[in-house]
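**Q** Sharing a structure below in structure tokens format, with a few things to ask.
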Amino acid sequence: MSRDKTMTADEVVARLESGMTIGIGGWGSRRKPMALVRALLRSDITDLTVVSYGGPDVGLLAAAGKIRKLIAAFVTLDSISLEPHFRSAREHGMFEMTELDEAMFMWGLTAAGHRLPFMPIRAGLCSDVMKVNPQLRTVRSPYDDGEELVAVPALRLDAALVHLNRADAHGNGQYLGPDPYFDDLFCEAADQAYLSCERIVDSAGLRAEHGPQTLLVSRAYINGVVEAPGGAHFTSCAPDYDRDEAFQRAYAQAATDPEEWRRFTEQFLSGDEDAYQAAVAAFAKEAT
């Protein structure tokens with residue numbers, strides 16, 4: 001059996017199905033697997049449960065009507081506080097949503113990664129999280145302390161999509177920026193996980209320049225690797241590139257008007273990934 005797991009974004013999406021629960025890594029408008037999200041937009045897949053520290057991944061999938069249920073702690077563009085497509089979708093009741101505290105979300109992924117049904121934690125107690133999620137339960141410690149804790153259910157995923165700075169062909173993934181954004185937990189919580197990266201390098205190269213402490217995702221959890229330069233655009237992928245604030249502003253502005261959004265999608269989302277990157281380059285040239 002070949003250890004080479006390289007594939008294209010469209011080949012990744014071909015392994016996904018409507019109705020799946022899909023976790024999307026990154027955080028807000030930071031290091032999102034946007035090339036994989038764009039490939040998902042080009043597909044007929046729909047009726048998804050999306051699990052995400054949400055950003056434009058959620059916004060684009062919501063605008064395309066592909067989300068049946070969203071599980072998230074927030075949906076933001078960071079420098080723009082609320083993702084505009086998400087806001088509109090919520091206001092119009094376009095999908096079901098479970099809102100969790102950020103720590104509850106993390107421990108839900110952790111429970112799934114350890115194949116546990118839930119994880120007992122303190123986060124969420126005495127907060128409105130328990131009110132807006134009446135399905136959440138508490139458990140009492142069986143030890144002498146008798147403490148009451150929230151039983152956060154496992155966030156088990158059918159598939160996970162993440163983006164990292166570097167990877168090898170076997171699926172070992174490396175981050176070079178300041179934060180791992182829980183991408184490893186998404187992969188461990190999933191039945192299948194797909195990693196896009198800025199550049200595929202040989203295995204020795206992952207360790208040589210930045211050290212083994214930057215290796216975030218193990219090949220044991222990865223089913224496919226996609227080399228996608230600029231694959232997180234327009235979100236940031238530090239230190240390779242920062243968030244494209246000018247493009248993000250154009251995206252957010254277009255989201256507020258149906259005709260502007262139609263023109264935006266025709267310009268940037270009507271073709272494949274190469275067409276997208278060419279359109280982005282033309283946009284940047286025009287802006288300067």
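Values in this text are rule-based calculations from the coordinates and carry no lab data. Quick caveat: nothing in here was measured; it's all calculated off a predicted structure. Don't worry about glycine lacking a Cβ; one is built from the backbone with ideal geometry, like all the others, and counts go over all protein chains shown.
**Q** Counting pairs on different chains as well as pairs 8 or more places apart, how many Lys pairs in the chain have Cα atoms under 30 Å apart? Working shown, then result.
**A** Numbers: LYS5/LYS32; LYS5/LYS66; LYS32/LYS66; LYS32/LYS69; LYS32/LYS285; LYS66/LYS131; LYS69/LYS131.
Going through the chain pair by pair, I get 7.
**Q** Okay, moving on. Would you look at the GNM of the chain, springs on alpha carbons closer than 10 Å, and say which of ARG207, ARG140, ARG68 moves the most?
**A** ARG140
**Q** If the elastic network links every pair of Cα atoms under 10 Å, which of SER18, SER127, SER236 fluctuates the most in the Gaussian network model of the chain?
**A** Judging by the Gaussian network model, the answer is SER127.
**Q** Compare GLY230, GLY211, GLY146 in a GNM of the chain, Cα atoms joined below 10 Å, and give the one with the largest fluctuation.
**A** GLY146
**Q** Pairs of Cα atoms under 8 Å, at least six residues apart: use those to get the relative contact order of the chain, whole percent. Mind showing how you got there, number by number?
**A** Values: 607 pairs, mean separation 56.6, N = 288.
About 20 percent, as a whole number.
**Q** Shifting gears a bit: Full-extension gain between ARG137 and SER88, please, as 0.36 nm times their residue separation minus the C-alpha to C-alpha distance.
**A** Gain on stretching ARG137 to SER88: 14.6 nm.
**Q** For all pairs of alpha-carbon atoms in segment 209-288, what percent lies in each bin of width 10 Å, listed from the first bin to the last filled one?
**A** 14, 39, 25, 17, 4
**Q** Please work out the FRET efficiency for the pair ALA103 and THR6, using the Cβ-Cβ distance as r and a Förster radius of 41 Å; give the result to the nearest 0.05.
**A** The computed FRET efficiency comes out at 0.70.
**Q** Now a separate question. Mind checking the full-extension length gain between SER79 and GLU286? Use 0.36 nm per residue of separation minus the Cα-Cα distance, one decimal, nm.
**A** Extra length available between SER79 and GLU286 comes to 72.3 nm.
**Q** Could you put LYS131, LYS66, LYS32 in order, starting from the residue whose Cβ has the fewest other Cβ atoms within 10 Å?
**A** Working: LYS131 8, LYS66 21, LYS32 32.
Least crowded to most crowded, the residues run LYS131, LYS66, LYS32.
**Q** Now a separate question. Rounded to the nearest 5, what % of DSSP beta bridges with both residues in the chain are antiparallel?
**A** 30 percent
**Q** I need the shape label for segment 242-282. Rule: rounded when a/c is under 1.5, else prolate if a/b > b/c, else oblate, with a, b, c from the alpha carbon gyration tensor.
**A** On the way: a/c = 2.76, a/b = 1.16, b/c = 2.37.
Cα axes put segment 242-282 in the oblate bin.
**Q** Given Cα pairs under 8 Å that are at least 6 residues apart, what percent is the relative contact order of segment 158-282?
**A** Once normalised by length, the contact order is 25 percent.
**Q** Let me make sure I get this right: for segment 182-241, a, b and c are the square roots of the gyration tensor eigenvalues over alpha carbons, sorted descending. Under 1.5 in a/c it's rounded, otherwise prolate if a/b > b/c, else oblate. Which is it?
**A** oblate
**Q** Taking the square root of 5 times each eigenvalue of the Cα gyration tensor, what semi-axes in Å does the equivalent ellipsoid of segment 81-192 have, largest first?
**A** With the √(5λ) rule applied to segment 81-192, the semi-axes are 28, 22, 13 Å.
**Q** Then there is this: About the Cα centre, and with charges only on the beta carbon of Lys, Arg (+1) and Asp, Glu (-1), how big is the dipole of segment 15-170? Nearest 20 debye, please. Write out the running numbers ahead of the final one.
**A** Details: 18 positive and 18 negative charges, 101 e Å.
Magnitude of the dipole: close to 480 debye.
**Q** Can you tell me how the chain classifies by the Cα gyration tensor, rounded, prolate or oblate, using a/c under 1.5 as the rounded cut?
**A** The shape class here is oblate.
**Q** Next question, about the same structure. On the first, second and third principal axes, largest extent first, how far apart are the outermost C-alpha atoms of segment 1-77 in Å?
**A** 40, 25, 18
**Q** Something else now. For segment 158-215, just the Cα atoms, rotate onto the principal axes and tell me the three extents in Å, largest first.
**A** Between the extreme Cα coordinates on each principal axis of segment 158-215 lie 34, 23, 17 Å.
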